[in-house]
Each structure stands twice: as structure tokens, then as C-alpha cells.
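Peer 1: The following block contains the structure, expressed as C-alpha cells.
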Amino acid sequence: MVGPLFIAGNWKMNLDKEGAIELTDALTNGQGPVKGVDVAVFPPSLWLTLVGDLIRSHDIKLGGQDCHEELEGAHTGDISAKMLKDVGCDYVIVGHSERRTDHFETSETIKKKVLMSIKCNLCPIVCIGETWDERDKGAAISAVSAQLKESIPDELGSEQFIVAYEPVWAIGSGRIPTLNDIEEMHASIKETLLSINHKADKVRILYGGSVKPANAAEIFKVENVGGALVGGASLSAADFGEIISIAGAKN
Ligand code: PGA
């Protein structure tokens, strides 16, 4: 296992300013980090500075939900990796399935975003995952492996990125794969990483998709699961805090 479990809260396009402050306050007042667990939150970009200021003296890191593949330029509405770094981010999520679907992002673009985030000293969390159709056809492993190979640039060091395995059909649905399926996929991701010359033991592989307090303990016991990318449950300080505590209890 690569270091402590990593629990990432992806707020997506949720919470108004007041809500972001309330959630952050709760996380910094007892419902947040515990010893031996790495915690990061990914607020909407408009609230990054605000949340960043509130977590500054706490053991919570900040990340962006996406970045553009270029450093700067004429890209209306986009945000650069450099800007994320400027406002105090250490991480950025790239290739989330909602970006791949809503914004037609290809693995080729994602690869460029990964490179740009490294260039700007951010650690990218590279999301990959199969659709229900692919799982149903028995093609989950090959689909995820292909996505991973296409999204990870050759020139990357093994310590420079995190992988998040998020089955598209499990995101926000309340359904998760069987623990055996999660184990099989994480083992396959390790193999794929080895095949593209990465020290697979140095790469954290998170699971994401309907992680809740009720299923976190069993998911964290699965071999090669290095933490969780949490969406819906990260919007409740009680639920997110409980997931963090469960991760802490595993150590
Ligand atoms: P979820 O989202 O926990 O709401 O399923 C996970 C994600 O999309 O990162």
C-alpha cells in the first residue's frame, strides 16, 4: 500500500457560498481529518479561495475538479492548472466521467491535462472506469486498461499521480461493484501500470462511486484500494467525517 489512505471529497457543482462555508467549518471543527488519513476537498472553483483560507491551518488539502490542458490563453470559461496552484491547490481531478461525458473529453485531452498539472506542481487524480454496458459485456477490464494507457503520459514518474477507478454506472447511483470485482479491477490496474513501466506499488489507486459510511469499511479492506473519491457523501460533514474515521480505523 502507498502511504495512508487518501479520502477525497468531490463537491462537484454543489453548495452555495454559505453551504461551502458551513461544510468546511464542520470539517475543521471535529468532523474532518483524523491521524493517519490523507484528506482533500475539491470545491467548485469559485469557492476554492474561500475554502482554502478556512482549511489553511488544518490537515485538509485543496484540489480543483478539472483544469485546461494549456497553460493560458483564449479559452473562455476554463481554468488553468497554474491558477489552481496559485489559489493553494495541491491536487486536480482529471478525466472524471462527467467531464468525459458532458464535455466530450477524450483520453488524449486528459493526457495533456495530466502533463500540464504536473508542470504546474499539482498531483493529478486520473479517473477511469467502465460503463454498465462494458461491464455487462464482460469488457470492463479491457475498457479500463485501455483508458488508463491512453490517459497516462509516458514521461510521468510513478509518484506523481493518483488513479481513481470509478465505474461510471456506480457514480451517484447507490450501486457499487462486488468487492471481488473491485479487487480484480485494482489488480488489473496495477498490472497495466507495470506494463507501461510504472512502479505500481508507488501509485495510489482510489475507488470511487457511491462510497458511503455504510460500505466504506468493506471497500477499504479490498487489496490495493488506496482510498476513496467521494461525491455525494462528501457534501455531508457527518458522512464524510465518518468515512474518514473508518479509513483511520483501518490503520
Ligand atoms: P458519488 O460520486 O460518490 O456521488 O457516486 C463519486 C464521484 O463522481 O467522484
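Peer 1: Are there any pairs with C-beta distances below 7 angstrom linking a residue in the stretch 190-215 that is over 23 Å from residue 172 (Cα atoms) to a residue that is among the basic types (Lys, Arg), with the two at least 6 apart or on different chains, and if so which?
Peer 2: Once the first residue is over 23 Å from residue 172 (Cα atoms) and sits in the stretch 190-215, its partners that are among the basic types (Lys, Arg) give 192/149; 196/149; 200/190.
Peer 1: Now a separate question. Of all residues in the stretch 191-214 being under 17 Å from the mean Cα position of the chain (by Cα) and surrounded by fewer than 19 Cβ atoms within 10 Å (Cβ to Cβ), which is farthest from the ligand (Cβ to nearest atom)?
Peer 2: That would be 202.
Peer 1: Also, I was wondering about something else. Residues 142, 151: which one is within 30 Å of residue 176 (Cβ to Cβ) and touching a strand residue (DSSP E or B) at 6+ places or on another chain (Cβ under 7 Å)?
Peer 2: Checking each option against the conditions leaves just 151.
Peer 1: Still on this model: Inside the stretch 16-121, counting only strands (runs of 3 or more DSSP E) that do not spill past its ends, which hold 2 or more residues that are surrounded by fewer than 17 Cβ atoms within 10 Å (Cβ to Cβ) and of a type in the set (Gly, Ala, Ser)?
Peer 2: Where strands (runs of 3 or more DSSP E) fall fully within the stretch 16-121, none carries at least 2 residues being surrounded by fewer than 17 Cβ atoms within 10 Å (Cβ to Cβ) and of a type in the set (Gly, Ala, Ser).
Peer 1: Is it the case, given these coordinates, that residue 128 is crowded, with 22+ Cβ neighbours inside 10 Å, farther than 15 Å from residue 68 by Cβ and modelled with pLDDT under 95?
Peer 2: No.
Peer 1: Tell me which of these residue 211 doesn't satisfy, since it passes every other one: (1) within 26 Å of residue 32 (Cα to Cα); (2) modelled with pLDDT under 95; (3) aliphatic (A, V, I, L, M).
Peer 2: (2)
Peer 1: Report the residue count in the stretch 35-54 for those that are in contact with a helix residue (DSSP H, G or I) (Cβ under 6 Å, 6 or more places away or on another chain) and without any contact (Cβ under 8 Å) to a residue 40 or more places away in the chain.
Peer 2: 4
Peer 1: Can you find a residue in the stretch 224-236 that is surrounded by fewer than 21 Cβ atoms within 10 Å (Cβ to Cβ), away from the ligand (no atom under 15 Å from the Cβ) and not acidic (Asp, Glu)?
Peer 2: Looking through the stretch 224-236, none of the residues is surrounded by fewer than 21 Cβ atoms within 10 Å (Cβ to Cβ), away from the ligand (no atom under 15 Å from the Cβ) and not acidic (Asp, Glu).
The values are calculated or read from the model by the stated rules, or taken from the named source; none is laboratory data. Everything numeric here is computed off the predicted structure, so don't read it as measured data. All Cβ positions, even for glycine, are placed from backbone atoms using ideal geometry, and neighbour counts span all protein chains on display.
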